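The values are calculated or read from the model by the stated rules, or taken from the named source; none is laboratory data. Note that the structure is a prediction, hence the values are computed from the model and not measured. Ideal geometry is used to build each Cβ from the backbone, glycine not excepted, and the neighbour counts take in all protein chains shown.
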Amino acid sequence: MAEIRIENLKKHFGDFVAVNDSTFTIENGEFFVMLGPSGCGKTTTLRMIAGLELPSEGRILLDGEDVTFNRASQRDIAFVFQLFALYPHMTVRRNISFPLRVQGMARREVRRRTEEVAKLLRIEHLLDRGVGGLAAGDRQRVALGRAIVRQAKAFLMDEPLGALDAEFRDLMCEELRLLHNRVGATTVYVTHDQIEAMSMADRICIMNKGEVLQIGAPMEVYARPATRFVAGFIGSPSMNFLEAEGGLPAGAREIRIPGARVPMPETREPLTSRNAVLGARPEHITIRDDGPLRGEVFAVEYMGARQMVTVDTPAGRLRVRAPNTVAVDYGENVGLAFDAERLVVFNAETDRSVASTLFEAPPVQGGAHG
Amino acid sequence: MSVSTKAYSVSESGKRTKWLAGGMVVVYALVSMIPLVWIVLTGFKSPPDSIAYPPKVVFEPTMEGYVNLFTSRSRQTPEYIESLGPPQTWYDALVRERNMVITGPSRFLGRYWNSIVIGFGSTFLAVFLGTLAAYAFSRFRIPLKDDLLFFILSTRMMPPIAVAIPIFLMYRELGLSDTALGIILLYTAVNLSLSVWLLKGFVDEIPREYEEAAVIDGYSRLQAFVKVVLPQMRAGIAATAIFCLIFAWNEYAFALLLTSGQAQTAPPFIPIIIGEGGLDWPAVAAGTTLFLLPVVIFTVLLRDQLLRGITFGAVRK
């Protein structure tokens, strides 16, 4: 187990900057998820931690030891690949025991640990099969087994569920999290799927275009996004963005959008640019006759316990998550009210969120996993 | 009369089409085998039968061609042959019927051995170097990679005859003419373009993750290559080796121009086996038959790998 510290890490391939000046610490025993669209630099960062790529600048510290230029084999880190990378010419047993045999461990010990891991992953019955005929889920388990068996300092996983069917992915998500709770090793998990990230992570690191935008517990990044990109990337359906009119002084408690004035958390800094964007999640808008913003219902998607209502307003098209008891119909004129405490204002030029009382409450804790 | 409305899918051909396709394959196989069969038959003919017109399909088989291939003989008077006493072996007897005695072995075995050494030697070198080069081209960032690959391929574009004279002069200076080493180097150079290109395709097919996994699990890059990549390249290496061997084994022009004695291979030697009154066709045919064997055996032994190798890229596991 280990703490992984990244300092001013940079990586460019020719002119392309893959990772730009990242600094953060992954704590001992943490399930740390790196989230972002493809090409955002998350996989490159992971590969640098593993030693598969060398950084252009910066340092990587493993438990305080500088390993930036150490070989991958000297870092005592296990890696799970998206395509599993099981050696096709070996049986399940030989695949799992491969790292131990490379280390030259005694045969009896290799056998004991291999079988222990197989039991943990419930693939004992497959040990002497070839890996060719295995189902995707079992291949994934073998790949995990090969990582776990080493009892390495940290696990790095590069979209390990990307090659699985959706149905199976949920199951493996849960299993991975349980496994982490049992093994307790520092895990860095790369994915582009925000639902995977939200459901598994202790902390999420959101990246875009080589930059780390925000690091925090799932609830934290959801409720208090640092940038407009983070706000839009996390949550499904994503946050509504409304163009505001005019600037905002520090201490403003209201924002003007086309068609309405909306109360919001008190801002703590003046908005430097002329343009602000108001961010409201679908569940932070309610349909009420006395709502300040009027609009016409464009579509209603009934989803059982809830319904998703799309409303055309002077400020743009908004998606509202409403309980199924609200009766609305296509074309109906409705009023919309905003949950003043939860709204986020973004600076339209920098895309950063504007400091307000929303960000002053104690940090939101990780929720599910604590 | 009923018209069938059944639509056959593209992949499932009707019975008639299958028979037709099968028939064509058989006809093609027969046509391509006729020269081979004729060579094998000619090896067992007597010299007059071998040049008879119209050609003889039915004849009395004799081992004369093979005996002539392996021996040198001289013509003697019947009195002299009488004085030697009864023949010791069946081939002595055969030769004496033609008023000749065996004076020693021919040079055929030496040439054949040269072919084996040069063929397998250059194949081994071309595949060995080709595997390393292909791996490097596939995995590393190499400056001017595409130009280098094209340059390697371009060595194949020139006919041997165009470069034979410069090579001949070069080899004379370097003392490589008429040496097995010289020919091995030359064939390796020619085959290298083929092996690099073929093998690069195979390496490209193997995901990098395998090596990366092995490196993370504690292997060095070289160990990962030897223990993880190579086993997966087996089919590709076998197919490449066969192609290289076939080229080196059959190569005629360079061998004819650059070797004369010591290092001469079988191809330039076999067609000039002289008998009495011209070419000894049965001996030539016998030599050709024996010459065909190693490639046939090699190919049959590796046929499974070869089939998988030739269809590379087409089928994913």
*Filter segment B:39-69 for residues that are surrounded by 19 or more Cβ atoms within 10 Å (Cβ to Cβ), among the hydrophobic types (A, V, I, L, M, F, W, C) and either in contact with a strand residue (DSSP E or B) (Cβ under 9 Å, 6 or more places away or on another chain) or not in a helix (DSSP H, G or I) (or both) and give the result.*
B:44, B:67
*asked:* Go through (1) surrounded by 15 or more Cβ atoms within 10 Å (Cβ to Cβ); (2) farther than 17 Å from residue A:281 by Cα for residue A:329 and report which single condition fails.
replied: (1)
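Filter the strands (runs of 3 or more DSSP E) completely within segment A:235-306 down to those with at least 1 residues that are under 26 Å from residue A:194 (Cβ atoms).
Values: elements: A:240-243, A:254-257, A:260-263, A:276-280, A:285-287, A:293-303.
It comes to A:240-243, A:276-280, A:285-287, A:293-303.
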*Do you know which residues across segment A:87-131 are in a helix (DSSP H, G or I) and among the hydroxyl-bearing types (Ser, Thr, Tyr)?*
A:97, A:114
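Return the residue satisfying two criteria in turn: it lies in segment A:123-157 and is within 23 Å of the chain's Cα centre (by Cα) and away from chain B (no Cβ under 13 Å), and of such residues it is nearest to residue A:191 (Cα to Cα).
Within segment A:123-157, the first condition is being within 23 Å of the chain's Cα centre (by Cα), and the residues that meet it are A:137, A:140-141, A:143-144, A:147-148, A:153-157.
Adding the requirement that they be away from chain B (no Cβ under 13 Å) leaves A:137, A:140-141.
Details: A:137: 18, A:140: 15, A:141: 18 Å.
Checking each candidate, the answer is A:140.
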_For segment A:99-112, which positions are facing chain B (nearest Cβ under 8 Å) and surrounded by fewer than 15 Cβ atoms within 10 Å (Cβ to Cβ)?_
A:103
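Yes/no matrix, rows are residues, columns are (1) surrounded by 16 or more Cβ atoms within 10 Å (Cβ to Cβ); (2) part of a loop (DSSP other than H, G, I, E, B); (3) in contact with a Lys or Arg (Cβ under 9 Å, 6 or more places away or on another chain); (4) not acidic (Asp, Glu):
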| residue | (1), (2), (3), (4) |
| --- | --- |
| A:23 | no, no, yes, yes |
| A:29 | yes, yes, no, yes |
| A:55 | yes, yes, yes, yes |
| A:69 | no, yes, no, yes |
| A:84 | yes, yes, yes, yes |
*May I ask you to verify whether residue A:78 is part of a strand (DSSP E or B), among the aliphatic types (A, V, I, L, M), touching a Pro at 6+ places or on another chain (Cβ under 8 Å) and at the interface with chain B (Cβ under 9 Å from one of its Cβ atoms)?*
yes
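Search segment A:319-354 for residues being part of a strand (DSSP E or B) and in contact with an Asp or Glu (Cβ under 8 Å, 6 or more places away or on another chain), and hand back the single one that is farthest from residue A:277 (Cα to Cα). Break it down into steps so the answer makes sense when it comes.
Just the residues of segment A:319-354 that are part of a strand (DSSP E or B), to begin with: A:319-323, A:333-338, A:344-347, A:352-353.
So of that shortlist, the ones also in contact with an Asp or Glu (Cβ under 8 Å, 6 or more places away or on another chain) come out as A:321, A:333-335, A:337.
On the way: A:321: 20, A:333: 24, A:334: 23, A:335: 21, A:337: 17 Å.
Residue satisfying both the conditions and the ranking: A:333.
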*Evaluate the following for residue B:309: is it over 30 Å from residue A:158 (Cβ atoms), modelled with pLDDT under 90 and part of a helix (DSSP H, G or I)?*
yes
_Pairs please, first residue from segment B:211-225 and within 7 Å of chain A (Cβ to nearest Cβ) and in a loop (DSSP other than H, G, I, E, B), second anywhere and surrounded by 22 or more Cβ atoms within 10 Å (Cβ to Cβ) and not hydrophobic (A, V, I, L, M, F, W, C), Cβ atoms under 7 Å, 6+ apart in sequence or on different chains._
B:217/A:99; B:218/A:99
*Can you give me the number of residues within segment A:38-53 that are surrounded by fewer than 21 Cβ atoms within 10 Å (Cβ to Cβ) and touching a Leu at 6+ places or on another chain (Cβ under 7 Å)?*
1
*Take segment A:87-98 and flag every residue that is within 10 Å of chain B (Cβ to nearest Cβ) and crowded, with 24+ Cβ neighbours inside 10 Å.*
A:95, A:98
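To keep it simple, each residue is scored yes or no on (1) among the polar types (S, T, N, Q); (2) modelled with pLDDT under 90.
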{"residue": "B:8", "(1), (2)": "no, yes"}
{"residue": "B:15", "(1), (2)": "no, yes"}
{"residue": "B:28", "(1), (2)": "no, no"}
{"residue": "B:34", "(1), (2)": "no, no"}
{"residue": "B:38", "(1), (2)": "no, no"}
{"residue": "B:47", "(1), (2)": "no, yes"}
{"residue": "B:50", "(1), (2)": "yes, yes"}
{"residue": "B:58", "(1), (2)": "no, yes"}
*Would you mind telling me which numbered condition in (1) farther than 26 Å from residue A:37 by Cα; (2) part of a helix (DSSP H, G or I); (3) in contact with a strand residue (DSSP E or B) (Cβ under 6 Å, 6 or more places away or on another chain) residue A:147 fails?*
(1)
*Any chance segment A:357-366 includes a residue that's in contact with a strand residue (DSSP E or B) (Cβ under 6 Å, 6 or more places away or on another chain) and not in a loop (DSSP other than H, G, I, E, B)?*
no
_Test: residue in segment A:39-49 that is more than 14 Å from chain B (Cβ to nearest Cβ), within 20 Å of residue A:144 (Cβ to Cβ) and in contact with a Lys or Arg (Cβ under 9 Å, 6 or more places away or on another chain)_ = no
